[in-house]
Amino acid sequence: MLEFFIVIAVRSKSHTYVCYQHNRQHTKNYRPFHHFFKIQCKLNQYFIINQNLYIFAGQNHEISIVMEQFTIEIPVQQFRLNELSDEEKFWIETAVISSKQAYAPYSEFNVGAAVVLANGQIVTGNNQENAAYPSGLCAERVALFYAGARYPDVPVKAMVVVATKNEVIQPYISPCGSCRQVLLETEKRYQQPVRILLCGNDKVYAIDSAESLLPLSFSAENL
Ligand SMILES: [Zn+2]
């Protein structure tokens, strides 16, 4: 069963609220709860919270407590290096070269990113570490931010990510959550998908859109 902890939304005094406790008992009156509890209900129900937790069911309506579950799939294509186009192989070589120029004295794990712009320009980035660890930045964001700063009017069409250690290509790695969020913003900004190639030493994963790497994402549409 799905369990929720729900955060603050809004409240209207013009409707009746139906409150459910974890034991599924309910009342049609306000009924304050003074502790957190778990609740199970349909995903599309309307949640209203104001210090206390309520579920809005509307006037004289009741909520049936039924859990709904769905699956989100991420389409991924898998290639061997020799199956890629010459252009894509060049992007990967560019990312590998960039990885070797990373500043990674602490992890000794070098990451290179090659951002391919719609005009064919390639902007590279690599991880930039810092003794104060959170001050460093991932290769993907170094490249994406530089592309945004240098070519703000040119859409991003693809990005390659590769990791090397002692100059040897490692198994594929995938962008961290923060980099995925920036990739998503890039797609929204230019209104076109960014093809992502995750290059490993034995295979390459290709994903056609950053949005699929970040399901149930937060974007400007939520503001
Ligand atoms: Zn990252």
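Of all residue pairs spaced 6 or more apart or on separate chains, those with beta-carbon atoms under 7 Å, a first member in region 166-192 that is on the phi > 0 side of the Ramachandran plot and a second member that is away from the ligand (no atom under 16 Å from the Cβ) are E167/K100. With respect to (1) farther than 18 Å from Y190 by Cα; (2) of a type outside the set (V, I, T); (3) more than 15 Å from the ligand (Cβ to nearest atom), the lone exception for A118 is condition (1).
Being in the same structural domain as P175 (by TED's automatic domain parsing), surrounded by 12 or more Cβ atoms within 10 Å (Cβ to Cβ) and within 15 Å of the ligand (Cβ to nearest atom) is a property that does not hold for Y151. Selection of region 173-211 for residues being of a type in the set (S, T, N, Q) and within 24 Å of G120 (Cα to Cα) yields S174, Q181, T186, Q191, Q192, S209.
The values are calculated or read from the model by the stated rules, or taken from the named source; none is laboratory data. Everything numeric here is computed off the predicted structure, so don't read it as measured data. Don't worry about glycine lacking a Cβ; one is built from the backbone with ideal geometry, like all the others, and counts go over all protein chains shown.
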